[in-house]
Amino acid sequence: MKSREIRQSFLDYFANKGHNIVRSAPVIPADDPTLLFTNAGMNQFKDVFLDKGTRPYVRAADTQKCIRASGKHNDLEDVGRDTYHHTFFEMLGNWSFGDYYKVEAITWAWELLTEVWTLPKERLYATVFHDDDESFQIWQKHTDINPEHIIRFGEKDNFWEMGETGPCGPCSEIHIDLTEDGSGRSLVNVGDYRVIELWNLVFIQYNRQSDGRLEPLPKKHVDTGMGFERVAAVLQGKGSNYDTDVFKPLFDRITEITGVRYGASMDNPLDIAMRVIADHARTLTFALSDGAMPSNEGRGYVLRRILRRALRYSKNLGYNEPILHQLVGTLADSMGDVFPELTKQQDTVRKIIKAEEESFIVTLDRGIEIFNDVIEQVRSASGNTINGKDAFKLYDTYGFPFDLTRLMAADVGFEVDGEGFEHAMQQQKERARTDRKEKQHVEDDGAEWLWFSDVHRSIFSGYDQLGMQAMITGVKHVKGKLLVVLDQTPFYPESGGQVGDRGWIETGSYRLQVTDTIKDGDAIVHVIGAVFDKILDTAITPDDLAIDSNQLSAEASVDRHVRLDTERNHTATHLLHGALRRILGQHVQQKGSFVNAERLRFDFSHFSRLTNAELEEVEAEVNEQIRTSEQVIKHSEVPYDDAIAKGALAFFGDKYADNVRVVEVPGISVELCGGTHVDNIGRIGLFKIISESSVASGVRRIEALTGKTAEKLMWNEYRELQQVRHLLKAKGDESLSERVSELIEAKKELEKQLQDGKLASLLSVLTAALHASPDIGGCRIMTNVVEGVDADILRQAAFALRELLPYAAALLCSVEDGKVSLVSFASDKAVRELGLDAGKLIREAAQSVQGGGGGKPEFATAGGKNPDGIPRALELYAVSVKVALQGMNEQ
Ligand code: SER
């Protein structure tokens, strides 16, 4: 069976069992700060398991794109070294949301594996959690598995958890024995490639709390996950996932590029390298197609390290050029039909990967230099071990896998401190974990909801009304704020880059000021920042407000002005998106956006700074569209595939339901969007770009204003210009910039004249002073302090004075803003015949003003910070010159 047939047969099997076939969620989790990457099929249903969200079905199945390269589930270091781990893989899964449970999960899994796919029963093992007798018995009674093949394991192997916190429960896994003689019983769960786990059936019953407690969930669920590449290997009779048709196109392409053939050996360094490159190319291509970008933090950093690891290995193939971007098209060709984003995003993804590869190749060479430096240092300290910190730095900053450092070290007879490396790695993981936990605190604040109803979901009615009667269904006090859930609400909860609404909720006795609105599963949560007691006419702190079941009726009203200004900005981002694509090209794609009442921010893929002409064109086009006053049509509940087929723009990386909302401005823009919008684009009024900048490599950002904020900005600018025009007494048709340039030129000219004047008068004073200065052994020696001149003029004066007399030397000082400048010269003859050295003399003098400097025997300068030391400096200079001249006479 071809792998695509295997995928389809899994989905067909569960569709026949009443499952809704859903799309894979993006590999970048839409709204889960506890995860960097989607690491299991169940992630997109986390809210359902936690009883915060619902779906219009109770059974689902899919193939989910997963990345396991960080956090709790991290297979990165195994990839390449064995033949069945990946950083990216597909997980085939089926789910029951409080519907069927262990019997069906186990018997269907068994049936699909052994009846539909006819895997040999005697080669399969089922593991169960040590005290899960129920599952043990179901295996025994409801399947024809050899009872000897049911094995109990402890928490490490048979209790599945999504992350540090979240849904979890005991699981039952199915393993296959691939040993030649079927003697693999003892190899179950020992990490041996001959007996591998195929399918994990998790019985979700708990929510792991951040303090480690297991809190039982209201309902029991099934969450299964089967490694698609593994099952493909087994069904295609291959010894390794990498030998299947999933990887073949990638290996063929790598061979085409590098000339190296894949030999399918476990230990051959060339085969290891090819596995790493193929696996990592998949991870990067899928992650970037879903909107991720390489960067220096979080998921972007993980991706950057993966890319670097692959490039390191490609050197082992004797290939030193960027390679990964050349595999993007291969993946789009071989998998684009199942994951259309690969095809749609391929140009952008290829460009990003290429740029990243090119910049790393430079870093890599630098890493080799660092490695050599480390070796030198260790050698000069007579050691022969690279310490863990240095090995980790090479790994972390320069992308050197530990193995590579060890191999390179071995080449020069050195060792690497593996324990120290592990320690440094653990420290970094700890830092990352703390980071994640901090992000998690809002979701997991420990406070309890007080519910007045069994229904926790809220209906959003704010697309076409801004005020309504509602019932309070839940409240929670958290960190000086009160959170309120209503059964229905006009308040838009923050999502898709649009901020949450603000406004008021009024009960019989209180006015609650809503400062933000957010989503928590299916509940819409109003964040209350201030409370007014209507009867006592005073403000009370939200902490002191106790809502009871007699006062649940409320009037909810959104702040109309804030909402409308926000809508102007939101609709304007759609127009901007369209204009950018038309003017810059179809590679432009949304990478992020933020919209509030004050401004809009739009991030998009593009590879160079926008010129002023481009910005002007984009802005003009959007304003032109605004003047058409087209209606904005909002289509709710459009099937996702229909919307995409009609060309609606989607934000890659967003999680979309089966039915989506489409916002259309006929002839101008069509986008999938759940946000709120003006009803007619004429209402935007005016669109003004205020900045264009870079956010990351290949991603640009435009910020803009609309409506009266834009108008105000234009007026402020206009007023300033009028003021300038008035000050310059410019005529109506005169160019202001020309006038200002002329003024700047004139100012420069005047400054120059002023300097020249200063120099001339300084020179005349100093010339007289030089002629009047003491003559020591035929040489005029001058020391002088001048006021009100800068170091530059002082220098110029000294240059001119130096040419006046054949035998002369001088030290000149000036002070400006507390800083001392010194200049010293000695005429040519004074240097050659009398042996004076201006550089040496000034160095000594500078010490008295707490400074330093130097120069040549003919001319030297110095600076200092202590003006009080000037008399001493002059004195010292005079004495030193005398000493030098005496020495000369005595010779
Ligand atoms: N969530 C489980 C796993 O990832 C089963 O899908 O293994």
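Bear in mind that the values in this text are calculations on the coordinates, not laboratory data. None of these values were measured; they are calculated from a predicted model. Cβ placement follows ideal geometry from the backbone for every residue including glycine, while neighbour counts extend to all protein chains displayed.
Calculate the length of the line joining the C-alpha centroid of the range 660-738 to that of the range 135-188, in whole Å.
Here the two parts' Cα centres lie 61 Å apart.
Rounded to a whole number, what is D in µm²/s for the chain from Stokes-Einstein with the Kirkwood radius over alpha-carbon pairs (37 °C, 0.692 mPa s)? If you can, show how the numbers build up before the last one.
Values: Rh = 33.5 Å.
This corresponds to a translational diffusion coefficient of 98 µm²/s.
Among Ser697, Ser741, which comes first, then next, by fewest other beta-carbon atoms within 10 Å? Numbers along the way, then the final one.
Values: Ser697 14, Ser741 11.
Ranked by crowding around the Cβ, least crowded first: Ser741, Ser697.
Could you state the number of Å between the C-alpha centres of the range 320-369 and the range 572-619?
Between the Cα centres of the range 572-619 and the range 320-369 lies a distance of 24 Å.
Give me the dipole magnitude in Debye, nearest 20, for the range 750-874 about the Cα centre, with unit charges on the beta carbon: positive for Lys and Arg, negative for Asp and Glu.
Roughly 260 debye, rounded to the nearest 20.
Once both axes come from the Cα atoms, what is the angle between helix 707-728 and the longest principal axis of the chain, in degrees from 0 to 90, rounded to 10?
Approximately 10 degrees, to the nearest ten.
With a 10 Å radius around each residue's Cβ, average the other Cβ atoms per peptide and rank 567-573, 712-718, highest first.
On the way: 567-573: 27.4, 712-718: 11.6.
Packing proxy ranking, top to bottom: 567-573, 712-718.
Return the FRET efficiency for the residue pair Arg795, Ser735: r is the Cβ-Cβ distance, R0 is 30 Å, and the value is rounded to the nearest 0.05.
0.15
The range 451-512 to the range 108-128: how many Å between their Cα centroids?
Result: 50 Å between the Cα centres.
Taking the range 175-220, how much of its Cα-Cα pair set, in percent, is spaced more than 14 angstrom apart?
Result: 61 percent of Cα pairs exceed 14 Å.
To make sure I understand, if each residue's beta carbon is the centre and we count other beta carbons within 10 Å, what order do Ser694, Ser827 fall in, fewest to most?
With the fewest neighbours first, Ser694, Ser827 line up as Ser694, Ser827.
Per residue, how big is the convex hull around the C-alpha atoms of the range 193-347? Give it to me in cubic angstrom, could you?
Working: hull volume 26.7 nm³, N = 155.
Hull volume over Cα atoms, normalised by residue count, gives 172 Å³.
Percent relative contact order of the chain, based on C-alpha pairs within less than 8 angstrom and at least six residues apart?
That works out to 6 percent.
If packing is taken as the mean number of other Cβ atoms within 10 Å per residue, what is the order of 788-795, 310-317, highest first?
Result, highest mean Cβ count within 10 Å first: 310-317, 788-795.
In the chain, with Lys and Arg counted as +1 and Asp and Glu as -1 at Cβ, which of these residues, Leu201, Val378, Pro29, has the Cα nearest the positive end of the dipole, that is, farthest along it?
Going by the charge dipole, the pick is Val378.
Could you give the nm distance between label points at Arg719 and Glu369, where each point is 7 Å from its Cα heading toward the beta carbon?
Computed distance between label sites Arg719 and Glu369 equals 5.4 nm.
Quick one: angle between helix 248-258 and the longest Cα principal axis of the chain, in degrees between 0 and 90, rounded to 10, please.
30 degrees
Give the relative contact order (percent, whole number) for the range 208-258; include only Cα pairs under 8 Å separated by 6+ residues.
18 percent
Give me the net charge for the shell around Met782: Cβ to Cβ below 12 angstrom, other residues only, Lys and Arg +1, Asp and Glu -1.
+1
Placing unit charges on C-beta atoms (Lys and Arg positive, Asp and Glu negative, everything else neutral), compute the dipole magnitude of the chain about its Cα centre in debye, rounded to 20.
With only Lys, Arg, Asp and Glu charged at Cβ, the dipole is about 1740 debye.
Any number yet on Rg/Rh for the range 546-608, C-alpha, Kirkwood?
Expressed as Rg/Rh, it is 1.30.
Sorted from fewest to most neighbouring beta carbons within 10 Å, what does the list Thr224, Thr83 look like?
Thr83, Thr224
Taking a 27 Å limit on the Cα-Cα distance, which of the listed pairs Lys315/Lys351; Lys102/Lys429; Lys65/Lys238; Lys17/Lys646; Lys156/Lys479 fall beyond it?
In this structure, Lys102/Lys429; Lys17/Lys646; Lys156/Lys479 lie more than 27 Å apart at Cα.
Per residue of the chain, what 222 nm ellipticity follows from adding -39500 (n - 2.57) for every DSSP H run with n ≥ 4, rounded to the nearest 500?
-12500 deg cm²/dmol
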